[in-house]
Amino acid sequence: MNAGQMGGAVIAGVCVAAFGPGWALAACGIGMIGTVPLLLRIRAVAVEREHHSGMLSDLRDGWSEFRSHTWLWVIVAQFGVIMMAWYGAFEVLGPVVAKTHLGGPAAWGVIAAAESVGLIVGGLVSLRFTPRRPMLFVVLIGVSCAITPLSLAGPWPLPFICMAAFVLGIALEIMMVQWTVALARNVPADKLARVSSYDALGSVFAMPLGAVIVGPVAAAIGVGTTEYWAAALTAIASLLALIPRDIRQMRSDHVAPSRAAAAEPSLAQAG
């Protein structure tokens, strides 16, 4: 996936520079249609549920499990703020900075490709690297998300912006691996899908708000100042997330009691 994202960023930048954004968007749409034959080949098998309950009951159960883990909802709230600030500052204002100061769409394509290369490297590093305190690591990676708005505020020279995007890509991929493992270890398997849904919703629900407000804010106070404020908001949200003790002390071998209890019958059957 990361390799595809890297290649797409490079190709998109070249297409926009050579043929214009309209043709680039048309090619993107054709590429999306090309996934239909692959999706049609999926053969899903229905699974019988032991207990049948309504959607609202499932949502209540998932919410109860979600809010029972302080480390979980605090970090989701942290990244809700971070994604709002980052999306507006990087994804919306980033192309504006590239067009005004860095040479146009080709420069933005290189920046996006550098981030994607970082994601690939981060995935490889994750095969060997496990931090002792994974939730502390996740929160601190949130602080590092401020580096891209800072690099665009000046802006920095293009190679330095690419390096910042590359390093952030490495950090984000390692963080996502640690986060996924933490959810699997600490959330009961029968509630993991519902908890993951709240995780996804809480992390991205404010992104459209960031996209909407960043334009008027940048018009009022300037693009550079808006980038600095986005970086500051990212850092503040991350520092506040360090307050709960669970986040600072949870270790990589920690398994929640409810998750361990749920695993015991399976182990007994395996024996």
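Data table
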| quantity | calculated |
| --- | --- |
| Cα-projected label distance for residue 240 with residue 25, points at 7 Å along beta-carbon direction, nm | 3.6 |
| Cβ charges +1 (Lys, Arg) and -1 (Asp, Glu), total dipole of segment 32-95, debye | 160 |
| Sites residue 1 and residue 156, calculated FRET efficiency, Cβ-Cβ separation with R0 25 Å, nearest 0.05 | 0.35 |
| Summed residue charge, Cβ within 15 Å of residue 168's Cβ, Lys/Arg positive, Asp/Glu negative | -4 |
| Spacing of the two label points (7 Å from each Cα toward its C-beta) at residue 36 and residue 193, in nm | 2.7 |
| Probe 1.4 Å - accessible area at residue 90, Å² to nearest ten | 10 |
| Length-normalised contact order of the chain in % [C-alpha pairs under 8 Å, at least 6 apart] | 30 |
| Directionally averaged shadow of segment 63-194, computed from the convex hull of its alpha-carbon atoms, nm² | 8.5 |
| Fully extended contour minus Cα-Cα distance, from residue 99 to residue 61, at 0.36 nm per residue | 8.9 nm |
| Carbon + sulfur, % of accessible area of the chain - ligands and nucleic acids excluded, 1.4 Å | 70 |
| Segment residue 91-residue 185, length gained on full extension (0.36 nm per residue, minus Cα span) | 30.6 nm |
| Spherically averaged projected area in nm², based on the convex hull that wraps the Cα atoms of the chain | 17.4 |
| Solvent-accessible area per residue, Å², over the chain with all protein chains present [probe radius 1.4 Å] | 57 |
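The values are calculated or read from the model by the stated rules, or taken from the named source; none is laboratory data. The structure displayed is predicted, hence computed values, not measured ones. No Cβ is skipped: glycine too gets one built from the backbone with ideal geometry, and neighbour counts run over all protein chains shown. These area figures cover heavy atoms from the full protein model, side chains too; ligands, DNA and RNA do not enter into them. Shrake-Rupley method; radii C 1.70, N 1.55, O 1.52, S 1.80 Å.
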